[in-house]
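See structure below.
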C-alpha cells in the first residue's frame, strides 16, 4: 500500500500549483489551504489531499486536463478504487485518491460524500460530451447536491464540527456563483448550466448570446446580493458555536460578491 509520505505531499503541492496557473482563485485556495496547514499539518492532511484529488478529477471530467485513458474509463476506475479502498492505478489521480482515502481513516460519512461527488462530476462529463440540457428541477438539484457534499468535505477536512446542513444559504450561493461565474467558459466546452425551459433546443457554443438566456443570466446575477445577505445572517448565527466554520464561510461569501449585480 502506498503511503502519503514526502513524495505524495510533493505531488499534492505540485497539483495545487498547476491549478493556480489556470486561474488566480485557485492560488487563493492554495494560500488558504497551506496557510492553515502550517499550523496544523497532520490535521489538515485530508483537506490538502482531498482538494488536490477532487480538483484533478474535476479537471479531467471538464476537459481541462488530459489523461492517458478516456475520461469515462478514468471515472469508472476511480470510483471502483474509492469503493474498494484498493488503489491500483498508475496515475497521479490514483495516488492522490489513495492518500486522501487513507487520511479519512474511519470517516465513512466523508467517504460517502466523496463517492457522491465523483458520480456528480462524472455526470458533468456526460452532460458536456452529450451537450445535454437538463430541466430546471434536475439542474438545480445537481448543482445543490454538488456543493452540499463539497461543503461537507471542506468542513470535515478542516476539522470543523459544522456541516453543509448548517449553512444551506452558503450551499445555495456557491451553486449560484458557479453558474454565473463560469457560464461562458462552460458553454464553450459543451456544459450548459441553464434550464432547458430557457434554452430550448440551443446547444451551441453561442448559447449565451440567445436573448432568452441573456435575460435569464442577468436575472440570476441580481439574485446574488440576497443570497450573500442570507450567508451573512447564517455566518452570524454559526459564529458562537463554531467560529472557525463561520470564518471560513465568510471567506467564501466575500469571494462571491464580485459576481453580483445591484450590490
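The values are calculated or read from the model by the stated rules, or taken from the named source; none is laboratory data. Keep in mind that this is a model prediction, so the values were computed, not measured. In this analysis, Cβ positions are derived from the backbone assuming ideal geometry, glycine residues included, and neighbour counts consider all displayed protein chains.
Worth a mention:
- Pairing each residue of the stretch 17-46 that is surrounded by 15 or more Cβ atoms within 10 Å (Cβ to Cβ) with any residue that is at pLDDT 90 or above and outside any helix (DSSP H, G or I), provided the two are 6+ apart or on different chains, yields C-beta distances under 6 Å for 36/44; 37/44.
- Number of the exception - residue 6 against (1) over 17 Å from residue 95 (Cβ atoms); (2) exposed (fewer than 15 other Cβ atoms within 10 Å of the Cβ); (3) free of Cβ contacts under 8 Å to residues at least 24 places away in the same chain: (1)
- Among the residues of the stretch 159-184, those identified as outside any loop (DSSP other than H, G, I, E, B) and under 23 Å from residue 33 (Cβ atoms) are 164, 166, 170, 171, 173, 174, 175, 177, 178, 181, 182.
- Per-region count, the stretch 42-69, residues under 20 Å from residue 152 (Cα atoms) and part of a loop (DSSP other than H, G, I, E, B): 3
- Complete set of residues in the stretch 100-141 that are more than 24 Å from residue 161 (Cβ to Cβ) and over 19 Å from the mean Cα position of the chain (by Cα): 129, 130, 131, 132, 133, 134, 135, 136, 137
- Identity of the residue in the stretch 74-100, out of contact with any helix residue (DSSP H, G or I) (no Cβ under 7 Å at 6 or more places or on another chain) and under 22 Å from residue 146 (Cβ atoms), that ends up surrounded by the most Cβ atoms within 10 Å (Cβ to Cβ): 77
- Any hit, the stretch 215-226, residues being under 23 Å from residue 32 (Cβ atoms) and in contact with a helix residue (DSSP H, G or I) (Cβ under 8 Å, 6 or more places away or on another chain): yes
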